[in-house]
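Novice: Below are the structure tokens for one structure; questions will follow.
Here, each number is a calculation from the coordinates, and none is a lab measurement. What you see is a predicted model, and the numbers here were worked out from it, not measured in a lab. Neighbour counts run over all protein chains shown; Cβ positions are idealised from the backbone, glycine included.
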Amino acid sequence: MQLVQLSDLHFGSLFKQDTFDLAVEEVNRLKPEAVIITGDLTDDGLLVQFERARRELKRLECPNIIVLAGNHDYRHTGYLLFKKFFPSKQVYEIGDAVILTLGTARPDRDEGEVGYRQNLWMEKTFSKYSDRTKIVAMHHHLIGIPDTGTDKIIILDAGDTLRTCLHSKVDLVLCGHKHRPWAWNLGPLEIAYAGTASSERFRGFFENCYNIVNVKKGAKPQVDIKIVGGKRFALSELVESYRPFLEA
Ligand SMILES: [Fe+2]
Ligand SMILES: [Fe+2]
């Protein structure tokens with residue numbers, strides 16, 4: 001089963017329509033079981049941006065479009081609009097996988113958190129599943145990654161959430177937020193970060209991209225990065241080949 005993680009589309013001033021059009025074409029050709037959009041659909045949480053985002057996302061030909069909010073979507077009372085434009089569930093059973101979405105964005109704040117209630121809910125919910133690949137999708141970072149600056153980008157309760165994920169035997173966490181594709185492999189748990197699929201807001205990696213996740217029963221999910229209009233390769237290769245200091 002194939003899933004696609006699109007992130008940080010940022011409909012607004014630095015949005016790249018041509019790149020988005022190409023990304024939609026590519027994703028439709030992949031025929032994924034689900035497209036997971038890990039937040040920051042809009043630049044400023046404005047009505048006109050939500051209208052455009054909803055209109056454009058209708059072009060994705062996929063039975064399961066999973067959308068979660070980012071900090072940019074919650075600006076200017078965008079948190080009120082987000083629910084109207086993208087009403088969504090928190091649990092998705094798709095093929096051999098169960099996908100939980102965590103709301104980490106808070107109104108008019110850039111930092112994120114999962115919170116005690118959601119952590120408790122995640123642990124309880126995952127305890128009902130033993131034979132499925134467990135995936136968590138959230139906007140903010142669970143653990144810090146290179147080129148992303150301050151610790152404000154990590155959820156405030158990262159320790160609690162990481163413990164819950166490990167205790168619940170989560171296989172894969174998908175994050176967006178800082179537009180820096182990356183991956184951490186913590187043994188049984190992999191954390192994959194997506195870049196921006198369609199915005200000029202680059203950081204550390206200067207191509208628009210998205211992630212493709214292959215889920216196979218009983219095996220670790222495999223995450224590839226796909227450059228929009230370019231090549232596809234294992235996300236781990238990007239991590240292993242990064243030499244910011246030696247090549248400076
Ligand atoms: Fe973003
Ligand atoms: Fe963000």
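Novice: Among the aspartates and glutamates, select those whose C-alpha is under 13 Å from the C-alpha of Lys169, and discard any that sit fewer than 8 residues away in the same chain.
Specialist: Once the sequence-local aspartates and glutamates are set aside, what remains near Lys169 is Glu123, Asp131, Glu190.
Novice: Quick check: net charge around Ala219, other residues with Cβ under 11 Å of its Cβ, Lys/Arg +1 and Asp/Glu -1?
Specialist: +1
Novice: Ile66's amide H: which non-local residues (gap 5+, or another chain) put their own amide H closer than 5 Å, with H modeled 1.01 Å from N in plane and none for Pro or chain starts?
Specialist: It is Val35, Ile36, Ile37, by chain and number.
Novice: Which order do the peptides 109-115, 57-63 come out in when sorted by mean C-beta neighbours inside 10 angstrom, highest first?
Specialist: 109-115, 57-63
Novice: Which net charge results for the neighbourhood of Tyr116, defined as the other residues with beta-carbon distances under 10 angstrom from its beta-carbon, given Lys and Arg at +1 and Asp and Glu at -1?
Specialist: Working: positive: Arg117; negative: Glu113, Asp157, Asp160.
Result for the local shell: -2.
Novice: Another question, if that's okay. Under the rule a/c < 1.5 gives rounded, and otherwise a/b versus b/c splits prolate from oblate, where does the stretch 103-248 land using the Cα gyration tensor?
Specialist: Details: a/c = 1.89, a/b = 1.28, b/c = 1.47.
Oblate.
Novice: Helix-derived [θ] at 222 nm for the chain: sum -39500 (n - 2.57) over DSSP H runs of at least 4, divide by residue count, nearest 500?
Specialist: After summing the helix terms and dividing by the residues of the chain, the value is -7000 deg cm²/dmol.
Novice: If you don't mind, there's one more thing I want to ask. Which is farthest toward the positive dipole end of the stretch 2-240 among Thr164, Leu14, Ser88, measuring Cα position about the Cα centre, with Cβ charges +1 (Lys, Arg) and -1 (Asp, Glu)?
Specialist: So the residue furthest toward the plus end is Ser88.
Novice: What is the dipole size for the chain, taken about its Cα centre, with +1 at each Lys and Arg Cβ and -1 at each Asp and Glu Cβ, in debye to the nearest 20? Please report the intermediate quantities before stating the final value.
Specialist: Details: 33 positive and 33 negative charges, 130 e Å.
Value, rounded to 20: 620 debye.
Novice: Here's another thing I want to ask about it. Running a GNM on the chain with Cα contacts under 10 Å, which residue among Leu14, Leu46, Leu189 ends up with the highest mean-square fluctuation?
Specialist: For the chain, modelled as a Gaussian network with Cα springs under 10 Å, the answer is Leu14.
Novice: Under the rule a/c < 1.5 gives rounded, and otherwise a/b versus b/c splits prolate from oblate, where does the stretch 51-133 land using the Cα gyration tensor? Don't jump to the answer; show the numbers that get you there.
Specialist: Working: a/c = 3.10, a/b = 1.24, b/c = 2.50.
Since a/c reaches 1.5 but b/c is at least a/b, the shape of the stretch 51-133 is classed as oblate.
Novice: I need the phi-derived Karplus couplings for the stretch 23-29: 6.51 cos²θ - 1.76 cosθ + 1.60, θ = phi - 60°, integer Hz, Gly and Pro marked x.
Specialist: Whole-Hz 3J(HN,Hα) from phi for the stretch 23-29: 4, 4, 4, 4, 5, 4, 5.
Novice: How do the peptides 132-141, 94-103 rank, highest first, by the average count of neighbouring beta carbon atoms within 10 Å per residue?
Specialist: Values: 132-141: 24.9, 94-103: 21.1.
Ranked by mean Cβ neighbours within 10 Å, highest first: 132-141, 94-103.
Novice: Let me ask something else. List, in order, the whole-Hz ³J(HN,Hα) value for each residue of the stretch 179-194 obtained from phi through the Karplus relation with A = 6.51, B = -1.76, C = 1.60 and θ = phi - 60°; use x for Gly and Pro.
Specialist: 6, 10, x, 6, 8, 10, 10, 9, x, x, 10, 10, 10, 10, 10, 9
Novice: Taking the Cα centre of the stretch 161-248 as the origin, how large is its charge dipole in debye, to the nearest 20, when only Lys and Arg (+1) and Asp and Glu (-1) carry charge on their Cβ atoms?
Specialist: On the way: 13 positive and 8 negative charges, 52 e Å.
In total the dipole reaches around 260 debye.
Novice: Still on this structure: Between the stretch 214-248 and the stretch 64-93, how far is it from one alpha carbon centroid to the other, in angstrom?
Specialist: 27
Novice: Okay, next question. Cα-Cα over 24 Å: which of Lys124/Lys226; Lys89/Lys124; Lys16/Lys220; Lys58/Lys128? Mind showing how you got there, number by number?
Specialist: Working: Lys124/Lys226 34 Å; Lys89/Lys124 16 Å; Lys16/Lys220 34 Å; Lys58/Lys128 33 Å.
Checking Cα-Cα distances, Lys124/Lys226; Lys16/Lys220; Lys58/Lys128 exceed 24 Å.
Novice: Across bins of 5 angstrom width beginning at 0, how are the C-alpha pair distances of the stretch 2-240 distributed, in whole percent?
Specialist: So the P(r) values, bin by bin, are 1, 7, 16, 21, 22, 18, 11, 4, 0.
Novice: Within a Cβ distance under 13 Å of Leu30, other residues only, what is the Lys/Arg minus Asp/Glu net charge? Don't skip to the end; give the middle numbers.
Specialist: Numbers: positive: Arg29, Lys31, Lys226, Arg232; negative: Glu25, Glu26, Glu33, Glu61, Asp224.
Here the charged neighbours net out to -1.
Novice: Test of understanding: ordering Tyr116, Tyr74, Tyr92 by Cβ neighbours within 10 Å, fewest first, what list do you get? Before the final figure, lay out each step's value.
Specialist: Numbers: Tyr116 10, Tyr74 26, Tyr92 18.
Placing the least packed residue first, the sequence is Tyr116, Tyr92, Tyr74.
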